[in-house]
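Visitor: What follows is a structure written as structure tokens; I'll ask about it next.
The values are calculated or read from the model by the stated rules, or taken from the named source; none is laboratory data. As the structure is a computational prediction, the values presented were derived from the model and not from experiment. Note: ideal-geometry Cβ built from the backbone for every residue, glycine included; neighbour counts use all protein chains shown.
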């Protein structure tokens, strides 16, 4: 069923505001359900996860030039909290709360029943799972914690796992790639270096300004501290004393305002005036338990040649005073250089591109 390009069930979403000169933004689509993560197929159509509704959407490209999708189609429904998506070799991989499945994807449609790739992911707690295929040919899945601060029983909790998919479509060589990451929803690989980076949302109820949210450089076997230590050496009063002996905890390479909830990081690859690997965009969904709200924006993160990392606003307009107007979740850069931002507060997708 092809839905109209806009199917609003609520007030119109806000008009986002580019904070840097030379950019323009508009509402690309309004969906009849929530929207989280994006991928792009070979035709330029976007595929989006409808997380809470158990739906996968396909959004047609803007062929008529009006700045909006030309239509929305339901690809799949009845899934269990589908979040992460990856297209690979004619398959659409979907990370549900408890498993990874894949569908054969042809001509903009899913054919056949889903194949189960990986099972055994724990339910509850932070339930969003992100899947991406790395440059090494492995699939990576991030799995958040079951709690705010605790000792986890399931070894995959607060971790990123890695596995290969064999010829039969099953996960093999599953390993814990990195751990001590409370909720590393978004991750990407830096062009030019192949380094993996992930954003991580820190623990709550430690005050308005701590711990700060993190960008981490992810290495195989790395431990990033949670629940024993937070941010830059903030020892947890309960769990520091039971930390594993002899483990070196890796500190973040960059931080953001505490509780601002960064949920995605994407390195820019298709901008003619940006060297690939020198800039990443980070979407911050926004705080829920600070005295004064923070986040609710997309940050432009510069990776300088000298190793320094700085950030500045890229897209704003999602917060007016202390009133929430929108909550950015994912950043996705299409092959044509258009940047798409999802907003699960308004069930909307925004498009950002250079002014002509």
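Visitor: Surrounded by 14 or more Cβ atoms within 10 Å (Cβ to Cβ), touching a residue at least 12 places away in the same chain (Cβ under 8 Å) and on the phi > 0 side of the Ramachandran plot: is that true of residue 90 in this structure? Walk me through it before giving the result.
Guide: Details: surrounded by 14 or more Cβ atoms within 10 Å (Cβ to Cβ): no; touching a residue at least 12 places away in the same chain (Cβ under 8 Å): yes; on the phi > 0 side of the Ramachandran plot: yes.
Criteria not met by residue 90.
Visitor: If you don't mind, another one. Being at pLDDT 95 or above, buried (at least 20 other Cβ atoms within 10 Å of the Cβ) and over 17 Å from the mean Cα position of the chain (by Cα) narrows it down to one residue among 75, 118; which is it?
Guide: Working: 75 fails: buried (at least 20 other Cβ atoms within 10 Å of the Cβ).
Step by step, each of 75, 118 is checked, and only 118 is at pLDDT 95 or above, buried (at least 20 other Cβ atoms within 10 Å of the Cβ) and over 17 Å from the mean Cα position of the chain (by Cα).
Visitor: Within the bounds of the stretch 322-342, is there any residue that is at positive phi and without any contact (Cβ under 8 Å) to a residue 60 or more places away in the chain?
Guide: For the stretch 322-342, residues at positive phi and without any contact (Cβ under 8 Å) to a residue 60 or more places away in the chain: absent.
Visitor: Kindly check whether there is at least one residue in the stretch 337-348 that is at pLDDT 95 or above, closer than 19 Å to residue 195 by Cα and surrounded by fewer than 21 Cβ atoms within 10 Å (Cβ to Cβ).
Guide: Residues of the stretch 337-348 that are at pLDDT 95 or above, as a first pass: 337-348.
Imposing the further condition that a residue be closer than 19 Å to residue 195 by Cα reduces the set to none.
No: the stretch 337-348 contains no residue that is at pLDDT 95 or above, closer than 19 Å to residue 195 by Cα and surrounded by fewer than 21 Cβ atoms within 10 Å (Cβ to Cβ).
Visitor: Ok, one more. Does residue 33 satisfy the condition of being farther than 17 Å from residue 342 by Cα, modelled with pLDDT under 95 and touching a strand residue (DSSP E or B) at 6+ places or on another chain (Cβ under 6 Å)? Walk me through how you get there before you give the answer.
Guide: Working: farther than 17 Å from residue 342 by Cα: no; modelled with pLDDT under 95: yes; touching a strand residue (DSSP E or B) at 6+ places or on another chain (Cβ under 6 Å): yes.
Spelling it out, it is not the case that residue 33 is farther than 17 Å from residue 342 by Cα, modelled with pLDDT under 95 and touching a strand residue (DSSP E or B) at 6+ places or on another chain (Cβ under 6 Å).
Visitor: Within the stretch 183-217, count every residue that is part of a loop (DSSP other than H, G, I, E, B) and under 19 Å from residue 148 (Cβ atoms). Walk me through how you get there before you give the answer.
Guide: First pass over the stretch 183-217, keeping only residues part of a loop (DSSP other than H, G, I, E, B): 183-186, 190-195, 201-212.
Now drop any that are not under 19 Å from residue 148 (Cβ atoms), which leaves 183-185, 201-212.
Qualifying residue count, the stretch 183-217: 15.
Visitor: Considering (1) closer than 24 Å to residue 255 by Cα; (2) surrounded by fewer than 23 Cβ atoms within 10 Å (Cβ to Cβ); (3) without any contact (Cβ under 8 Å) to a residue 60 or more places away in the chain; (4) in contact with a strand residue (DSSP E or B) (Cβ under 9 Å, 6 or more places away or on another chain), say which one residue 170 fails and leave the rest.
Guide: Of everything listed in (1) closer than 24 Å to residue 255 by Cα; (2) surrounded by fewer than 23 Cβ atoms within 10 Å (Cβ to Cβ); (3) without any contact (Cβ under 8 Å) to a residue 60 or more places away in the chain; (4) in contact with a strand residue (DSSP E or B) (Cβ under 9 Å, 6 or more places away or on another chain), residue 170 misses just condition (1).
Visitor: Restricting attention to the stretch 1-30, which residues are modelled with pLDDT of 90 or more, more than 21 Å from residue 271 (Cβ to Cβ) and surrounded by fewer than 19 Cβ atoms within 10 Å (Cβ to Cβ)?
Guide: Selection gives 15 alone.
Visitor: Please determine whether any residue of the stretch 235-243 is under 27 Å from residue 332 (Cβ atoms) and more than 18 Å from the chain's Cα centre (by Cα). Walk me through how you get there before you give the answer.
Guide: First, pick out the residues of the stretch 235-243 that are under 27 Å from residue 332 (Cβ atoms): none.
Scanning the stretch 235-243 turns up no residue that is under 27 Å from residue 332 (Cβ atoms) and more than 18 Å from the chain's Cα centre (by Cα).
Visitor: Let me ask something else. How many residues does the stretch 43-68 hold that are in contact with a strand residue (DSSP E or B) (Cβ under 9 Å, 6 or more places away or on another chain), touching a residue at least 24 places away in the same chain (Cβ under 8 Å), closer than 15 Å to residue 332 by Cα and in a loop (DSSP other than H, G, I, E, B)?
Guide: Looking only at that region, the number is 1.
Visitor: Residues that are touching a residue at least 60 places away in the same chain (Cβ under 8 Å), closer than 21 Å to residue 297 by Cα and not in a loop (DSSP other than H, G, I, E, B): does the stretch 240-259 have at least one?
Guide: no
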